[in-house]
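Please read the structure below before turning to the comments.
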Amino acid sequence: MVHDLYILMITAGVVSLLFKLLKQPVVLGYIVAGVLIGPYLFGETLVDVENVETWGNIGVLFVLFCIGLEFRLKNLISSGKVAAIGALTIILGMMVFGYGVGKFAELDMINSLFLAGMLCMSSTTIVMKAIDEAGLGKERFVKGATSILIVEDVVAVVLMVLLSSIAIKHQFEGAELINKVVVLAITLAAWFICGILIIPTLLRKVKSYLNDETLTILSLGLCLGMVLTAEEAGFSSALGAFVMGSILAETVESHRIEKLMTPLKNVFAAIFFVSVGMLINPSSLVEYWSSILLVCVVIIIGMILFGTLGCWWGGETMRDSMLTSFSFVQIGEFSFIIASLGTSLGVLHPAIYPIIVASSVVTTFLTPYIMKASVPCYNFLYNHASASLRAKIDRREQLVAEAEMAVQSGDTHEFADKVRHAVRKTFLTKRLVDLFIKNMSAKDAENENV
């Protein structure tokens, strides 16, 4: 495994350095590095594919954990309208497009539904990495875009249950779906309570004992613990990692943890994208080129169309709507998971998996370039829009700016502190917290006496 990691990292380093010299996004260099060391280009692989896939899966966890550290629960709640309307518009619109493509390709209903599911989810990892590479991390649209991606990840869990039920029983099983939704709601409620009350209280109490080494180990342990919890509950490990990142983002140590995790995020992000590049078979690009081209066009046009409409209907400005939609023009890890699910159930057509993988790599490769076109496209739209549409765009920009000013001039207390205060007002919670603090204080006194 050390040999595999050496080959992977040295190849990624050299190729990414070349891409930097050419002023190209580093993420594209990682994908090309994956193709170079993969099993398809030269007829043999320099590394063990299973080992790299394992590293890649770990990479997804740490990348999403770090993404969660950069997000705040109050942002999700404040972006509730755009998150719900934007995600719903994208998912429903892309599923209709995907199902239509499946029927056009003369696939049966189940394969068409699986294809629709694969095309309706953008990749959180790829989107956030592309935004970071483009230097747009501080832009206003990022909060809404991240919220939409979170909702998509949650819907993906429910969608997988629905597809499994249809594939196995060839009919919709409403009771099973409702049960899964209820379990998911309970799990998210537990996450919310834990994030707002228990973990921040713990970290505040032991803050004086947390050096960088201890904080790093504790943070990673909490991340992996939530990953296992999510898997036991039947949800994706990636969602669990993101959840714990969001929990720790509400603590007093959030910025310190984020700084400590940045090197890990960079390393494992590289491993993840190299592992994605290793999945692409250049010969499949030739064999299925027309299907791959069709799927890529559907993804790009559909995501831009439905993403822009969904964000606009959700209350975002036209510029932010287009910046969001132009960053969503790819499919990623959830598409692979759904494809693997269909394959394991024995219902997926053999050609769909390589087409989806190739389409994911192609759209990932194009994402940075398409993102660069978002502002010029917005300027073109604005300059050539009718007077009434331009007035609506200006009015929305004014309303959003006024809302931002109202928030900035309002109460600046942290959202998490407000909720913790409200939760502590309940008798049971108050007794538990007081008992916990009392025990910790007793232990501190004992240590001082010793």
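Against the conditions (1) part of a helix (DSSP H, G or I); (2) polar (S, T, N, Q); (3) farther than 25 Å from Val361 by Cβ, Thr251 satisfies every one except (1). Of the residues making up the range 13-48, those that are among the aromatic types (Phe, Trp, Tyr) and either part of a helix (DSSP H, G or I) or surrounded by 22 or more Cβ atoms within 10 Å (Cβ to Cβ) (or both) are Phe19, Tyr30. The condition of being out of contact with any Ser or Thr (no Cβ under 6 Å at 6 or more places or on another chain) and either modelled with pLDDT of 80 or more or under 22 Å from Ala238 (Cα atoms) (or both) holds for only one of Ile31, Ile37, that being Ile31.
Scanning the range 206-255 for residues that are modelled with pLDDT under 80, more than 25 Å from Phe336 (Cβ to Cβ) and of a type in the set (D, E, K, R) returns Lys207, Glu250. Would you say Ser284 is assigned by TED's automatic domain parsing to the domain that holds Ala270, of a type outside the set (A, V, I, L, M) and more than 22 Å from the chain's Cα centre (by Cα)? For Ser284, the condition - assigned by TED's automatic domain parsing to the domain that holds Ala270, of a type outside the set (A, V, I, L, M) and more than 22 Å from the chain's Cα centre (by Cα) - is met.
Filter the range 138-160 for residues that are without any contact (Cβ under 8 Å) to a residue 24 or more places away in the chain and surrounded by fewer than 19 Cβ atoms within 10 Å (Cβ to Cβ) and give the result. Please lay out each step first, then the result.
Within the range 138-160, the first condition is being without any contact (Cβ under 8 Å) to a residue 24 or more places away in the chain, and the residues that meet it are 138, 142.
Hit for the range 138-160 is Lys138, nothing else.
Looking at Ile292, Ile331, Ile304, Ile299, just one residue is in a helix (DSSP H, G or I) and surrounded by 24 or more Cβ atoms within 10 Å (Cβ to Cβ), and that residue is Ile299.
Can you tell me how many residues in the range 122-137 are assigned to a loop (DSSP other than H, G, I, E, B), crowded, with 23+ Cβ neighbours inside 10 Å and at pLDDT below 85?
Quick first cut of the range 122-137, residues assigned to a loop (DSSP other than H, G, I, E, B) only: 122-123, 134-137.
When the remaining residues are screened for being crowded, with 23+ Cβ neighbours inside 10 Å, the result is 122-123.
Next cut, at pLDDT below 85 only: 123.
So the answer is 1.
Of the residues that make up the range 139-146, is at least one at pLDDT 80 or above, over 23 Å from Leu294 (Cα atoms), in a helix (DSSP H, G or I) and among the β-branched types (Val, Ile, Thr)? Explain how you work it out, then say what you get.
First, pick out the residues of the range 139-146 that are at pLDDT 80 or above: 139-146.
In the following step, the residues that additionally are over 23 Å from Leu294 (Cα atoms) were identified as 139-146.
Those still in the list that are in a helix (DSSP H, G or I) too: 141-146.
Adding the requirement that they be among the β-branched types (Val, Ile, Thr) leaves 142, 146.
Yes - at least one qualifying residue is present in the range 139-146.
Taking the range 343-379 as the range and being over 21 Å from Asp108 (Cα atoms) and without any contact (Cβ under 8 Å) to a residue 60 or more places away in the chain as the test, the residues that pass are Tyr369, Ala373, Ser374, Val375, Pro376, Cys377, Asn379.
Residue by residue through the range 359-381, note down the ones that are surrounded by 20 or more Cβ atoms within 10 Å (Cβ to Cβ) and of a type in the set (D, E, K, R). Matches in the range 359-381: none. When Ile91 is tested against (1) in contact with a Phe, Trp or Tyr (Cβ under 8 Å, 6 or more places away or on another chain); (2) modelled with pLDDT of 75 or more; (3) farther than 19 Å from Glu133 by Cβ; (4) among the aliphatic types (A, V, I, L, M), only condition (1) is not met.
Pick out the one residue from Ala185, Ala167 that is modelled with pLDDT of 65 or more, out of contact with any Leu (no Cβ under 7 Å at 6 or more places or on another chain) and either surrounded by 18 or more Cβ atoms within 10 Å (Cβ to Cβ) or in the same structural domain as Met109 (by TED's automatic domain parsing) (or both).
Details: Ala167 fails: out of contact with any Leu (no Cβ under 7 Å at 6 or more places or on another chain).
When all the criteria are applied, what remains is Ala185.
Would you be able to say whether some residue in the range 260-273 is buried (at least 24 other Cβ atoms within 10 Å of the Cβ), polar (S, T, N, Q) and assigned to a helix (DSSP H, G or I)? No, because not a single residue in the range 260-273 is buried (at least 24 other Cβ atoms within 10 Å of the Cβ), polar (S, T, N, Q) and assigned to a helix (DSSP H, G or I). Yes or no: Ser359 modelled with pLDDT under 85 and within 30 Å of Cys120 (Cβ to Cβ)? So Ser359 fails the test.
Test Lys103 against the stated conditions and say whether it is charged (D, E, K, R), touching a residue at least 24 places away in the same chain (Cβ under 8 Å) and in a helix (DSSP H, G or I). Give the derivation first.
Details: charged (D, E, K, R): yes; touching a residue at least 24 places away in the same chain (Cβ under 8 Å): no; in a helix (DSSP H, G or I): yes.
No; evaluated as a whole, the condition is false for this residue.
So that you can scan it fast, the table gives a plain yes or no per residue for (1) within 14 Å of the chain's Cα centre (by Cα); (2) farther than 18 Å from Phe141 by Cβ; (3) among the charged types (D, E, K, R); (4) not assigned by TED's automatic domain parsing to the domain that holds Val295:
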position: Trp55; (1), (2), (3), (4): no, yes, no, no
position: Gly59; (1), (2), (3), (4): yes, yes, no, no
position: Thr89; (1), (2), (3), (4): no, no, no, no
position: Met94; (1), (2), (3), (4): no, yes, no, no
position: Gly117; (1), (2), (3), (4): no, yes, no, no
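The values are calculated or read from the model by the stated rules, or taken from the named source; none is laboratory data. As the structure is a prediction and not an experimental result, all values here were calculated from the model. When we count neighbours, we look across all protein chains shown, and the Cβ atoms used for this are built from the backbone with ideal geometry, even at glycine.
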